[in-house]
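Notes follow the structure.
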Amino acid sequence: MSENTDRAKTPTTKPKGAAAQPTGQPSQADELLATTAVEGSLAALDEARVLDPSWADTAAQDFLGHSTARVMGNAVATTDVEKLSLDRTVVTSIDSSMSDLIKDAAITDQKRSGRCWAFAGLNVLRAAAIKQLEVPDFEFSQNFIFFYSKLEKANWFLAQMIADADRRLDDREVAELLASPIGDGGWWPEFTFLVSKYGLVPKYAMPDTDSAANSAAMNKHLSELLRRATLRLRRAIEMGDDPDAVRLETMDAAFRMLATHLGVPPTEFVWQYRNKDGDFTRVGTLTPREFAEKYMPDPDVWAVVAHDPRPEISLHTLYGIDRSNRAVGARTANHVTAELEVLKDAAIAAVKAGQPVWFACDVKAQFDKDLGVWDAHLHDYEGVYGVDLAMDKAERLTTRSSAPTHAMCLTGVDLVDGEPRRWRVENSWGDTVGEKGYWTMNDSWFDEYVYQVVVPVTDLPEDVRAALDTEPTILPSWDPLA
């Protein structure tokens, strides 16, 4: 059964204001284009659809003939269209007050890296750590998780290239991996896998380096190492040699490069702290895994729940994404589908219990970075261009207009008669944007651009929980939710 609710079909934007082009009657350019398009036959398809220069001339005359279009053109020539299209009535209607709120912690900053998934995951864990330790603030090392994420991705890439050795280099999936062998991105299942395997450390034990905060150069050089290894692996297999010799040699090189850029992860550290009342506690020397055992619950406590309204996607079904594990021995990144209200109800329950909610969304749709706000109708693009751009959530996914691009934490919700009005979001873009790094999301934006939440299993309905114990239906690696 596929979801088909009115809420899921809310358009991207609501047409507002004067249009740059009148509607209802075709322009002269439209008539000329239509005439050109019908000339010829299917046998002469290319010729029939060639743009005639006279069509562009007529379109220009039509544009210049409308005062609103000219005014908009002049405005966009000197002003960022993202600022020009802001609907001030929406902007001024947004306030950041919340009826239910988790106490703010110091905002984190992933800087010029794609570590949002790890930052959000660690921010989920630190809320419990702050409460348990009774400290005013605390931060885990994001660099520690980043190091082992890269190491596991390098090993997985090499193992996958051995498995794909009989496929052409221009095969769709092989070419996609070669295009981005070791990106920064990740998902919640990868985060819990890494913490369970390698542990956690406080930030002081492995602080960010320049390459952790600005990963482009490191990624470029690691990618070259892995692409070169791909060719060597294939030659070894063709010669009948053991490709694992190449894999292990490459992993030695990858570790050396990662240690150069990110530092060597600590195998133990001294843990001591002073709580908010000034009382000092010295725990002693701990390993990263011992530290994680104190603050990381069983990963099975949580479930990844997705809202995916595409007609071919069934509700209350466990889905996995092929090639999404990115670590040899890790499980496929799975999610269970549910109605939008299920995601919201579970997120509300978690926030009320003081538990931040990791979520994935299309972060740059209908947003303003300086203001730190999201609303489904924040930008009136139709009013600027005079064209219809509306698609529903399923259509945006299917056409690749939208996809989950960023992970953050929900830390508050404003409820009116039990229904969410807006949400408080802890981002990882530093404290110079939004409200000292915290953002406000109107509930309309949740409907349209939030795709996954990570919530306690106990907060889910029985039919959704039951799906978690089934075998996942595997979606291809190029699925929009991959």
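Evaluate the following for ARG227: is it charged (D, E, K, R), touching a helix residue (DSSP H, G or I) at 6+ places or on another chain (Cβ under 8 Å), open to solvent by less than 80 Å² (accessible area, probe 1.4 Å) and within 25 Å of ARG112 (Cα to Cα)?
So ARG227 passes the test.
All but one of (1) outside any helix (DSSP H, G or I); (2) in contact (Cβ under 8 Å) with a residue 60 or more places away in the chain; (3) over 15 Å from ALA306 (Cβ atoms) hold for ARG421; which doesn't?
So the condition that ARG421 fails would be (2).
Just to check your reading of the model, which residue among ASP414, ASP447, ASP463 is part of a helix (DSSP H, G or I) and either among the small types (Gly, Ala, Ser) or more than 20 Å from the chain's Cα centre (by Cα) (or both)? Even if it seems obvious, please write down each step before you answer.
Numbers: ASP414 fails: part of a helix (DSSP H, G or I); ASP447 fails: either among the small types (Gly, Ala, Ser) or more than 20 Å from the chain's Cα centre (by Cα) (or both).
After ruling out the rest, the residue left standing is ASP463.
Quick one: which of ASP208, ASP241, ASP184, ASP166 is closer than 24 Å to GLN110 by Cα, out of contact with any Leu (no Cβ under 9 Å at 6 or more places or on another chain) and either open to solvent by less than 60 Å² (accessible area, probe 1.4 Å) or in a loop (DSSP other than H, G, I, E, B) (or both)?
Result: ASP184 is the single residue among ASP208, ASP241, ASP184, ASP166 that is closer than 24 Å to GLN110 by Cα, out of contact with any Leu (no Cβ under 9 Å at 6 or more places or on another chain) and either open to solvent by less than 60 Å² (accessible area, probe 1.4 Å) or in a loop (DSSP other than H, G, I, E, B) (or both).
Of all the residues that make up the stretch 94-119, how many are part of a loop (DSSP other than H, G, I, E, B), open to solvent by 60 Å² or more (accessible area, probe 1.4 Å) and closer than 30 Å to LEU415 by Cα?
Selection size over the stretch 94-119: 4.
Please state which of the following conditions ALA43 fails to meet, knowing it meets all the rest: (1) open to solvent by less than 90 Å² (accessible area, probe 1.4 Å); (2) modelled with pLDDT under 95; (3) over 39 Å from the mean Cα position of the chain (by Cα).
(1)
Could you pull out the residue among ALA292, ALA376, ALA365, ALA303 that is in a strand (DSSP E or B) and either surrounded by 20 or more Cβ atoms within 10 Å (Cβ to Cβ) or hydrophobic (A, V, I, L, M, F, W, C) (or both)?
Among ALA292, ALA376, ALA365, ALA303, only ALA303 is in a strand (DSSP E or B) and either surrounded by 20 or more Cβ atoms within 10 Å (Cβ to Cβ) or hydrophobic (A, V, I, L, M, F, W, C) (or both).
Can we say GLU419 is open to solvent by 10 Å² or more (accessible area, probe 1.4 Å), out of contact with any helix residue (DSSP H, G or I) (no Cβ under 9 Å at 6 or more places or on another chain) and of a type in the set (Asp, Glu)? Steps first, please.
Working: open to solvent by 10 Å² or more (accessible area, probe 1.4 Å): yes; out of contact with any helix residue (DSSP H, G or I) (no Cβ under 9 Å at 6 or more places or on another chain): no; of a type in the set (Asp, Glu): yes.
Against the criterion (open to solvent by 10 Å² or more (accessible area, probe 1.4 Å), out of contact with any helix residue (DSSP H, G or I) (no Cβ under 9 Å at 6 or more places or on another chain) and of a type in the set (Asp, Glu)), GLU419 does not qualify.
Return yes or no: is VAL433 hydrophobic (A, V, I, L, M, F, W, C), under 25 Å from PRO189 (Cα atoms), over 18 Å from the mean Cα position of the chain (by Cα) and outside any strand (DSSP E or B)?
no
Test ASP388 against the stated conditions and say whether it is part of a loop (DSSP other than H, G, I, E, B), open to solvent by 10 Å² or more (accessible area, probe 1.4 Å), at negative phi and of a type outside the set (Val, Ile, Thr).
Taking the combined requirement at face value, the residue satisfies it.
The values are calculated or read from the model by the stated rules, or taken from the named source; none is laboratory data. Owing to the predicted nature of the structure, the values given are computational and were not obtained by experimental measurement. Every residue, glycine as well, gets a Cβ built from its backbone with ideal geometry; the counts of neighbours run over all protein chains shown. For accessibility, only protein heavy atoms count, side chains too; no ligands or nucleic acids. Shrake-Rupley method; radii C 1.70, N 1.55, O 1.52, S 1.80 Å.
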